[in-house]
Amino acid sequence: MNEDILYDDIINPILNKETISNTTPTNFMKTYDYENVAITDIVNNIIVDSINNKASDIHFNPTEDGIIIRIRIDGELRNYANVPGYVKKNMITRMKILAGMNITESRIPQDGAIKQKILDKDVDLRVSSLPTNMGENIVVRILDYSMSTQGLETLGFNDTNLKKIIKMSEQPNGIILVTGATGSGKSTTVYSVLQRLNTIDRNIITVEDPIEMNIPGINQVQVISDIGLTFAACLRSILRQDPDIIMIGEIRDDETAKIAVRASITGHLVLSTIHTNTALNTIERLLDMNIERYLLGTALTGIVSQKLCKKLCPYCRGTRPTTPYEKKVFKNSLNLDINEIYETKSCDKCHDGYKGRIAIHEVLEINQDIRDAITNNIKKEELRDLVYSSGTINMLQDGLTKVINGDTTFEELVKAIDIDDSDLTSKGLTESLEIAEKNKNILIDNENIKKIVEKNDSDYEVFDLDFLNN
Ligand SMILES: [Zn+2]
């Protein structure tokens, strides 16, 4: 793979010799030659190496003896390097200089950014420092836009959900919300929808904090709260700019929510994200935000909820029999008898059997019944029944289908979803059943799948969702 070549070229020249033979993707630990190589070169290499490893964050954690550097890959922090004490101050200072921070100030937290070419690679990093009792802790968030142009079709939506999203996004007005925790890939989904809608006949304006990706043809506004340029303030101005589509980075407060609803009702399509777990929780959260129920009922078009699971490595995955508990979950949720599922192995192409991440989704289209329910303030339980009996494939069903397909494992799914959560025991599952039934046969022929995946290696990479962590 090209990635491996690049990786070796950049890293090996400044590594201690004994570690060179050990730089497989499964072992991230590095020992740099701190005595003979300039700190600027070492820091540059740490940054580029992290990006090449598809890390989302780099942590410089000061200790009594130096710095422990960790990088987050596929959502997990991993040890990367132990920096000796005599380099500690230089390394932190170098990072602060790169990020444009005040190096004479180490008592208060600072924010900075790095946006330049490092070792021929364009990097865009958000850097924050926090004074701790051991010195300044530096965390670098890597913004990597390279995957965003791959399109909505590559994000792992099943056919039913994909069709729903496309239909919702083609409405001239309404609010589409993408929900999930931090790091669930919400921004990626929103950007992918925006890119799909980004045609010459539409005026698209975004308000973001931070702008995570530059899209040519779209007017993007960065929120600067310090000078009063808040989400709400930006939105009020945007409405005077004749927009067709408005993207709000995140709905965090009542005022932003109200403006979003008003914009939708006055004929704009509004896309945004919100921190909630499921479609149902999103409606409840919005109602808690002090928005008039009838306006919300009218404005809301759809809710896309998502979580990320680690993606099973297609090169080495094996199979195992299902446990009685797993059998029961498949039976209850999908009405399928599943006797065998995929499990992790390990190979030189992956990290402990996983490579990249895949999203699991729940896409709720707001129909008239749900609109009426929101407007008429019906009980939570009744709202839940309505939501999950309207043909919505819930997150558990989508996840289980992806387990059957060998995209992720049951173990990963359990980490992402509380299976006993009553929100997820659903009734309407015909489409999910059909998808699962269709894919069940694939399990039989694991070898064949491997061949197909290897042949389509480039397609496989497309499903990697690490690049945006919000
Ligand atoms: Zn593997």
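Since every read-out is calculated from the coordinates, none of them should be taken as a lab result. As the structure is a prediction and not an experimental result, all values here were calculated from the model. Virtual Cβ from ideal backbone geometry, glycine too; neighbours counted across all protein chains shown.
Remarks
- Inter-label distance for CYS316 and ASP65, nm, one decimal - labels placed 7 Å from Cα along Cα-to-Cβ: 2.9 nm
- A compact globular protein would have a Cα radius of gyration near 2.2 N^0.38 Å; the ratio found for region 202-244 is 1.13.
- For ILE227 and ASP348, the FRET efficiency from 1/(1 + (r/R0)^6), where r spans their Cβ atoms and R0 equals 41 Å, is about 0.20.
- Dimensionless Rg/Rh of region 229-282 - Kirkwood Rh, Rg from C-alpha atoms: 0.97
- Rounded if a/c under 1.5, otherwise prolate or oblate - region 237-391, Cα gyration tensor axes: oblate
- All Cα pairs of region 71-119, percent lying beyond 17 Å: 54 percent
- For region 85-238, the residue among LEU98, VAL207, THR182 whose Cα projects farthest onto the positive side of the dipole built from Cβ charges is LEU98.
- Average Cα contact separation per residue, region 305-403, under 8 Å, 6 or more apart, as relative contact order %: 33 percent
- The simple spin-label model puts a point 7 Å past each Cα toward its Cβ; for ASN281 and THR266 those points are separated by 3.3 nm.
- Global geometry of region 148-285, whether rounded, prolate or oblate, following the gyration tensor of its Cα atoms and the 1.5 cut on a/c: rounded
- If the Kirkwood radius is taken over C-alpha pairs of region 101-187, then at 37 °C and 0.692 mPa s the Stokes-Einstein diffusion coefficient equals 194 µm²/s.
- Once backbone amide H atoms are built at 1.01 Å from N, MET289 has no partners under 5 Å, excluding neighbours fewer than 5 places away on the same chain.
- Cα gyration tensor shape for region 209-322, rounded if a/c is under 1.5, else prolate or oblate: prolate
- Euclidean distance of C-alpha centroids, region 152-185 and region 193-272, integer Å: 17 Å
- Ellipsoid equivalent to region 46-127 - semi-axes via the Cα gyration tensor, in Å: 20, 18, 12
- Percentage relative contact order, region 166-323, counting C-alpha pairs under 8 Å, at least six apart: 36 percent
- Label positions at LEU130 and ASN290, each projected 7 Å from the Cα along the C-beta direction, are separated by 3.0 nm.
- Set LYS115/LYS349; LYS307/LYS415; LYS89/LYS117; LYS186/LYS310; LYS355/LYS402 screened for pairs whose C-alpha atoms are more than 19 Å apart: LYS115/LYS349; LYS89/LYS117
- Across region 48-60, rounded Karplus estimates of 3J(HN,Hα) from the backbone phi angles (6.51 cos²θ - 1.76 cosθ + 1.60, θ = phi - 60°) give 5, 4, 4, 4, 5, 7, 6, 6, 9, 8, 10, 10, 9 Hz, Gly and Pro being marked x.
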